[in-house]
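To keep things clear, I will list the structure first and then write my remarks on it.
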Amino acid sequence: MDQGQLVRIMLSLLLVVGLILAAAWVARRGGMLRQGGNKRRIHILDSQRLGTRASLALVRVDDREILIGITPQHISLLHSDATPAAGKDFDTHLDQARSSS
């Protein structure tokens, strides 16, 4: 095996490894390598900042929608809906939470 063949083999090997790494990067960026796929049970539907250190978040856990208040020291359940309506938006949930407390 002469030096020209050895260089050709090394370049071919580097090309194959580079293609494998590029394919893995594309698959990861495209979401194909995420564990569990789209079977995530928790989804943040919307959030609203109330100040510099406080916010509200509308979260869906399985088939429940919950409205939580978040501060640096505490997370509070403000409202829970076991049967989420498809067309409800964040403002509707916020109004419901305000009227129930």
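Looking at segment 66-83, is at least one residue of a type outside the set (Asp, Glu), in a loop (DSSP other than H, G, I, E, B), modelled with pLDDT under 90 and closer than 30 Å to Ala97 by Cα? Checked against the condition, which is being of a type outside the set (Asp, Glu), in a loop (DSSP other than H, G, I, E, B), modelled with pLDDT under 90 and closer than 30 Å to Ala97 by Cα, segment 66-83 yields at least one hit.
Which of the residues belonging to segment 27-42 are at pLDDT 80 or above and either surrounded by 11 or more Cβ atoms within 10 Å (Cβ to Cβ) or touching a Lys or Arg at 6+ places or on another chain (Cβ under 6 Å) (or both)? Of everything in segment 27-42, those that are at pLDDT 80 or above and either surrounded by 11 or more Cβ atoms within 10 Å (Cβ to Cβ) or touching a Lys or Arg at 6+ places or on another chain (Cβ under 6 Å) (or both) turn out to be Ala27, Arg28. Taking the conditions (1) within 22 Å of the chain's Cα centre (by Cα); (2) modelled with pLDDT of 80 or more; (3) part of a helix (DSSP H, G or I) in turn, Asp95 satisfies each one other than (1).
The values are calculated or read from the model by the stated rules, or taken from the named source; none is laboratory data. Keep in mind that this is a model prediction, so the values were computed, not measured. Cβ: placed from backbone, ideal geometry, glycine included. Neighbour counts: every protein chain shown.
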